[in-house]
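Structure first, commentary second.
Every read-out reported here was derived from the displayed coordinates using simple, explicitly stated rules and does not represent laboratory data. A quick note: this is a predicted structure, and the numbers were derived from the prediction, not measured. Heads up, the Cβs are rebuilt from the backbone with ideal geometry, glycines too, and the neighbour counts pull from every protein chain shown.
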Amino acid sequence: MFKKTIQNERGDMSFFTIFVILATITLMSFLLLYASVKINCMNIRNAAKMELNNVSARIYADTFHSQREANLGSYMADLHLSAAYQDALRAGFISGMEERVRLTSDDYTVGNITLQFRQHPDRIEYVVDCDATFRIRMFGNLFPPITQHITLTGSHNTKY
């Protein structure tokens, strides 16, 4: 019965066959679109992770000199009171992200990038937040954008 429905002797296709083909193509399109959004989101997240490693290396270099000179309190004051130092760390983070992954493309835009620092007794914690807005085009239509919020946290020990 099923084989006869798909292979009609008259040479024309049944409505059922056309519906199955269209449903399969539509499902595959949605799955590929979902996968591309997830892959782009992972690429953005990995670029942010790599740049957090660079921020950690810069903080390590700065705190190493401060600890060697027994002046960690001065460094912590610079980190929390000096807007210029925080802005330099943020600018380095954003420029490094731009080198690793495009922040604006036809498919997505990365915005609202923030880098915040928190001091704990034994470590410095840094948190990166950003929003990735994906523009979805399918079957000739532009759908409402999808925004994925990305948050990454890293830390650097200050007591050895």
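Quick notes on this structure:
- Backbone geometry of region 92-100 corresponds, through the Karplus equation with coefficients 6.51, -1.76 and 1.60 at θ = phi - 60°, to 3J(HN,Hα) couplings of x, 5, 5, 5, x, 4, 5, 6, 7 Hz, x marking Gly and Pro.
- 5 angstrom amide H check on residue 123, placed H, neighbours 5+ away: 158
- Computing FRET efficiency as 1/(1 + (r/R0)^6) for residue 87 and residue 137, where r is the C-beta to C-beta distance and R0 is 41 Å, gives about 0.65.
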